[in-house]
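Here the structure is laid out as structure tokens; the discussion comes afterwards.
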Amino acid sequence: MIHPHTELQFINKEIGYGVVATQKIPAGTITWVLDSLDREFTPLEIQNLDPLYQQILDIYTFRNNQGNHVLCWDNGRYVNHSFNANCLTTAYDFEIAIRDIEVGEQLTDDYGYLNISEPFRASDEGTKRKTVYPDDLVKYYKVWDLKIAKVFPKLTQLEQPLSHLIPKSTWETVTRVIAGKEAIESILNNYYDPTK
């Protein structure tokens with residue numbers, strides 16, 4: 001489920017629609033949670049679907065670390081890619097704002113950690129990276145881990161409208177990490193290796 005202080009807006013002809021903040025979302029806020037209505041499809045299930053459905057799933061899903069495709073039931077499926085993403089996924093089935101997201105600003109992910117199947121050239125944002133590759137998570141996880149660790153302690157300091165959707169055992173783990181009783185898990189845990 002996507003953060004409630006967001007809405008779907010048309011961005012432009014090249015990008016299409018995107019998820020935009022309707023209120024300021026501070027760094028350290030949970031912006032998305034894998035919830036009970038999100039649907040997971042195995043590769044076999046996708047193979048057995050009509051090609052029209054396969055095309056939809058190719059556009060609107062991400063692959064988890066098991067190689068299954070996850071379709072968000074709400075506007076979460078419209079979060080666009082950015083090499084300067086303001087949200088990052090964690091190893092705990094939720095995403096977090098890694099910097100303040102202002103009113104009217106898009107929520108963005110780096111698709112490099114979504115286990116894409118094929119590389120694609122993204123819009124030029126003036127960054128060194130121009131193409132998203134299936135193994136970007138292996139290449140950049142240390143950088144992303146540092147960004148997550150920087151704001152992770154704020155999880156228990158901020159209002160978190162989505163926290164009640166996180167399993168109790170996961171939230172207990174999060175609080176132990178913040179208290180320094182447990183090491184934070186790496187974003188690399190989300191990697192799916194198709195060769196295995």
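What the table shows:
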{"read-out": "Per-region count, region 5-36, residues under 16 Å from the mean Cα position of the chain (by Cα) and either loosely packed, with under 15 Cβ neighbours inside 10 Å or not hydrophobic (A, V, I, L, M, F, W, C) (or both)", "value": "6"}
{"read-out": "Residue match in region 140-151 (condition: more than 27 Å from S117 (Cβ to Cβ) and in contact with a helix residue (DSSP H, G or I) (Cβ under 6 Å, 6 or more places away or on another chain))", "value": "no"}
{"read-out": "Subset of region 92-131 that is in contact with a Pro (Cβ under 6 Å, 6 or more places away or on another chain) and within 23 Å of E14 (Cβ to Cβ) - its residue that is surrounded by the most Cβ atoms within 10 Å (Cβ to Cβ)", "value": "I116"}
{"read-out": "Qualifying positions in region 158-196 - among the hydrophobic types (A, V, I, L, M, F, W, C), assigned to a loop (DSSP other than H, G, I, E, B) and open to solvent by 50 Å² or more (accessible area, probe 1.4 Å)", "value": "L158, A179, A183, I184"}
{"read-out": "Members of region 28-39 found to be among the charged types (D, E, K, R) and part of a strand (DSSP E or B), listed by number", "value": "R39"}
{"read-out": "So D136, is it acidic (D, E), open to solvent by less than 10 Å² (accessible area, probe 1.4 Å), out of contact with any Leu (no Cβ under 8 Å at 6 or more places or on another chain) and without any contact (Cβ under 8 Å) to a residue 40 or more places away in the chain", "value": "yes"}
{"read-out": "Qualifying residue in region 153-170 (condition: in contact with a strand residue (DSSP E or B) (Cβ under 6 Å, 6 or more places away or on another chain) and more than 28 Å from P4 (Cβ to Cβ))", "value": "no"}
{"read-out": "Those residues of region 1-27 which are part of a strand (DSSP E or B) and of a type outside the set (A, V, I, L, M, F, W, C), in sequence order", "value": "T6, E7, Q9, N12, G16, Y17, G18"}
{"read-out": "Residue, least open to solvent (accessible area, probe 1.4 Å), within region 37-60, restricted to residues that are within 22 Å of A91 (Cβ to Cβ) and not hydrophobic (A, V, I, L, M, F, W, C)", "value": "D38"}
{"read-out": "Test: residue in region 174-186 that is within 16 Å of the chain's Cα centre (by Cα), touching a residue at least 40 places away in the same chain (Cβ under 8 Å) and within 28 Å of Y17 (Cα to Cα)", "value": "no"}
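Residue-wise test of (1) under 22 Å from F120 (Cβ atoms); (2) modelled with pLDDT of 95 or more; (3) in contact with a Cys (Cβ under 7 Å, 6 or more places away or on another chain); (4) not hydroxyl-bearing (S, T, Y).
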position: M1; (1), (2), (3), (4): no, yes, no, yes
position: H5; (1), (2), (3), (4): no, yes, no, yes
position: Q9; (1), (2), (3), (4): no, yes, no, yes
position: L44; (1), (2), (3), (4): no, yes, no, yes
position: L52; (1), (2), (3), (4): yes, yes, no, yes
position: H69; (1), (2), (3), (4): yes, yes, no, yes
position: G76; (1), (2), (3), (4): yes, yes, no, yes
position: S82; (1), (2), (3), (4): yes, yes, no, no
position: N86; (1), (2), (3), (4): yes, yes, no, yes
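The values are calculated or read from the model by the stated rules, or taken from the named source; none is laboratory data. Treat the numbers as computed from the prediction; the structure is a model and nothing was measured. Glycine gets a Cβ as well: all are built from the backbone with ideal geometry, and neighbour counts include every protein chain shown. Note: accessible area is taken over every heavy atom of the protein model, side chains too, but ligands, DNA and RNA are not part of it. Shrake-Rupley method; radii C 1.70, N 1.55, O 1.52, S 1.80 Å.
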